[in-house]
Amino acid sequence: MPTEKETILITAALPYINNVPHLGHIVGSHLPADIFYRFCRAKGHDVTFIGGSDEHGTPSVIAAQELGIPVKQLTDRLHAIHKNVYKKLNISYTNYSRTSKSIHHEVTKDFFKVIDAKGVYLHREELKMYFCQRDSLFLPDRFVIGTCPTCGYTSAYADQCETCSTVINPGELIDARCRICGEIPTYKLSPHLFLDLEKLSKKIDAWVESKKGIWNNHVYSIAKKWIDDGLKPRSITRDLTWGVSVPVPEFKNKVFYVWFDAPIGYITFTKELGNQYYERYWKNTKSKIFHFLGKDNIPFHTIFWPGMLIAHGGYSMPYKIVGFHYLNYEGKKFSKSKGVGVFCYNILNSDINIDTLRAYLTSVIPETKDSLFQWNEYRLHTNSEVIGKIGNFFNRTLNVIWNNFNGSLGIDAEQLTNNDELDRNLISSIKTTPEEIGKLLFKTEFRAAYQKMLDYAREGNVYLDRKEPWSLVKKGDLESAKKVLYITLNLAKSLAIVLSPIMPTGMQELWNNQLNFSGSLDTPEIWEKASKMDISKGHRIHKPKPLYEKIEIEKLEEIKKELTKPYNLNDLVKE
Ligand SMILES: [Zn+2]
Ligand SMILES: [Zn+2]
């Protein structure tokens, strides 16, 4: 049955550009989004994958200030690093852009003007803001530091303590001081714009309710808890100069709060591809928008962003918020400031095999709870699953064909007569398993889908063990050997297709250079071929060779040392 073609836009959370990405970010959005994108394309859906650097806000301003460089220089350099890291990891964005582009400023202002013109969901309010007399500057968010009232941490931000995660309300910070000059700040009244989430609450709730059963439970529950706790109007402006300026005369010295402009980036970066993309995904009630993101981003994408979209009223609403839990590192939290974790900048100069890394990471995607990255597990997974199950199956099948039949079996499916139960079971598995894997992938259950791929390879190995085509050859029963190998060769073809969203490089190499099929595994609708026994009579394979290398302990130590090497942000951005 042909699949119904869907119109699907995939986004991965926009990484904040005040540092380099770490593996937690990769596993919590970019990688699953990429696997999903590759799968949807293979199924023949109309699909586009967008992302970009989130450059505005106080953290990048402060990071630049501390390094003594213009903020634009910092974000230019870090944007380039982010883009290269995703490329190296084979994250195949259709468009990876950035929020500092002028088109994004225009799209954001237009978005705001539509809400403003309705006169319903925005209001103005005077706020008592921190102000530094010496710098004659308002001090938003992270420009004020002091002692956390909860845990006593002495470098807590005015809005949140990074040590104990407590949200700090205005006035609660002890010994507040200006981050730039150290002076004790005063307060000054400043008018700000608010999006009235309270007024939007019923509509947001109805929308969240309509997602029950589509979203994972934890995503739905987090959204419901926020709504049940009561939504409050939220300020969308900041007293800063770095950002998208507010197109209202009375706010000319302010910019939009970074959380207001960042998600509009999803629209901008689609529009950058051309108006037909913009219309197809954002102005089409039938399009399905999937947002991939980490746990900390769930409230934002289930409450605030949909609230903005409802207030605007002219864009498609997201279809599914795919929220992940956290990936911990060897039992600790990834932390750039504490130097814990894998810093993806180092990946740029590393010879680590990207396919095997992606495969291991897929096996630990934190779908239902926090999960753990462990170096030795990476080694074991590569050796026993990727090589032991998948690689082993390909090698055994292709080597027997290459060594005994000069690479060509000379039969096709019509010669598969007198099949026994083992044959029939494997043939039936080839017909049904790709579809089952596809269903799991479409439900964004990546770990279960990957497990099924491994089981699929294992089925092939068990079949070979039982049939022993190499013994059939020795006994001179070439016809029986060919039948067995014809079935496993079709399974090899099927596996290459279903594994390619996770291990794109190795599977493409196998496809062209060993299985000897032409074309790319990126071809739309190629998934259908995964359930067909259709290799032609005259087909000849090329000389097989192992796709992946085993990782010995010494090699692992080398990789680990390379990837955990501390770096100095200063060196990266001044290079
Ligand atoms: Zn604290
Ligand atoms: Zn100051």
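The values are calculated or read from the model by the stated rules, or taken from the named source; none is laboratory data. All values reported here derive from a predicted model rather than from experimental measurement. Cβ sites come from the backbone with ideal geometry, for glycine too, and all protein chains shown count toward neighbours. Accessible surface is based on the protein model in full, side chains and every heavy atom, while ligands, DNA and RNA are left aside. Shrake-Rupley method; radii C 1.70, N 1.55, O 1.52, S 1.80 Å.
In the range 180-205, the qualifying residues are those that are assigned to a loop (DSSP other than H, G, I, E, B) and at pLDDT 90 or above, and the one that is nearest to ASP141 (Cα to Cα) is PRO185.
If you check ILE174, ILE180, ILE214, ILE145 for being within 16 Å of ligand 2 (Cβ to nearest atom), of a type outside the set (Phe, Trp, Tyr), surrounded by fewer than 19 Cβ atoms within 10 Å (Cβ to Cβ) and not assigned by TED's automatic domain parsing to the domain that holds HIS325, only one passes: ILE180.
Taken as a whole, the range 398-416 holds at least one residue that is at pLDDT 95 or above and under 38 Å from the mean Cα position of the chain (by Cα). Restricting the search to strands (runs of 3 or more DSSP E) fully inside the range 288-389 and requiring at least 1 residues that are under 19 Å from LYS443 (Cβ atoms) gives 288-294, 320-324, 371-373.
Residues that are open to solvent by less than 10 Å² (accessible area, probe 1.4 Å) number at least 3 in the following helices (runs of 4 or more DSSP H) confined to the range 405-501: 421-442, 446-467, 478-499.
Among the residues of the range 37-61, those that are of a type in the set (A, V, I, L, M) and open to solvent by 10 Å² or more (accessible area, probe 1.4 Å) comprise VAL47, VAL61.
Taking the criterion of being farther than 21 Å from LYS389 by Cα and open to solvent by less than 40 Å² (accessible area, probe 1.4 Å), the residues of the range 545-563 that qualify are ILE559, LEU563. Within the range 106-115, being under 19 Å from LEU197 (Cα atoms) and open to solvent by less than 50 Å² (accessible area, probe 1.4 Å) holds for THR108, PHE111, PHE112, ILE115. Scoring VAL85 on the criteria (1) farther than 21 Å from PRO566 by Cβ; (2) in contact with a Cys (Cβ under 6 Å, 6 or more places away or on another chain) leaves a single failure, condition (1).
Quick one: would you say LYS128 is exposed (fewer than 15 other Cβ atoms within 10 Å of the Cβ) and either out of contact with any helix residue (DSSP H, G or I) (no Cβ under 7 Å at 6 or more places or on another chain) or assigned to a loop (DSSP other than H, G, I, E, B) (or both)? Taking the combined requirement at face value, the residue satisfies it. Scanning the range 131-171 for residues that are under 36 Å from the mean Cα position of the chain (by Cα) and part of a loop (DSSP other than H, G, I, E, B) yields a count of 21.
Among the residues making up the range 353-404, those that are of a type in the set (A, V, I, L, M, F, W, C) and open to solvent by less than 10 Å² (accessible area, probe 1.4 Å) are LEU357, ALA359, LEU361, ILE365, PHE373, TRP375, VAL386, ILE390, PHE393, PHE394, LEU398, ILE401. Somewhere in the range 506-515, is a residue out of contact with any Leu (no Cβ under 7 Å at 6 or more places or on another chain) and assigned to a loop (DSSP other than H, G, I, E, B)? Yes, that holds for at least one residue.
Quick grid of which residues meet (1) modelled with pLDDT under 95; (2) in contact with a helix residue (DSSP H, G or I) (Cβ under 8 Å, 6 or more places away or on another chain):
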{"site": "GLU4", "(1), (2)": "yes, no"}
{"site": "LEU14", "(1), (2)": "no, yes"}
{"site": "LEU23", "(1), (2)": "yes, yes"}
{"site": "ASP34", "(1), (2)": "no, no"}
{"site": "PHE39", "(1), (2)": "no, yes"}
{"site": "HIS45", "(1), (2)": "no, no"}
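For the structure I just gave you, tell me whether THR523 is open to solvent by 40 Å² or more (accessible area, probe 1.4 Å), more than 23 Å from ASN353 (Cα to Cα) and in the same structural domain as ASN392 (by TED's automatic domain parsing). Yes: the conditions hold for THR523. Exactly one residue out of LYS560, LYS550, LYS565 is assigned to a loop (DSSP other than H, G, I, E, B), within 28 Å of MET507 (Cα to Cα) and in contact (Cβ under 8 Å) with a residue 24 or more places away in the chain, and it is LYS550. Filtered by the rule that a residue be part of a loop (DSSP other than H, G, I, E, B) and small (Gly, Ala, Ser), the range 214-260 gives GLY230, GLY243. Of the residues making up the range 12-32, just one is polar (S, T, N, Q) and within 8 Å of the chain's Cα centre (by Cα), namely SER29. Evaluating CYS161 against the criteria (1) of a type outside the set (Gly, Ala, Ser); (2) open to solvent by 50 Å² or more (accessible area, probe 1.4 Å); (3) within 8 Å of ligand 1 (Cβ to nearest atom) leaves one unmet condition, (2). On the stretch given as the range 183-198, residues that are away from ligand 2 (no atom under 15 Å from the Cβ) and surrounded by fewer than 16 Cβ atoms within 10 Å (Cβ to Cβ) total 3. Note on the range 199-211: among residues that are open to solvent by less than 70 Å² (accessible area, probe 1.4 Å) and over 18 Å from TYR319 (Cβ atoms), the one that is farthest from ligand 1 (Cβ to nearest atom) is LEU200. The set of residues in the range 474-500 being small (Gly, Ala, Ser) and closer than 18 Å to ASN516 by Cβ consists of ALA492, SER494, ALA496, SER500.
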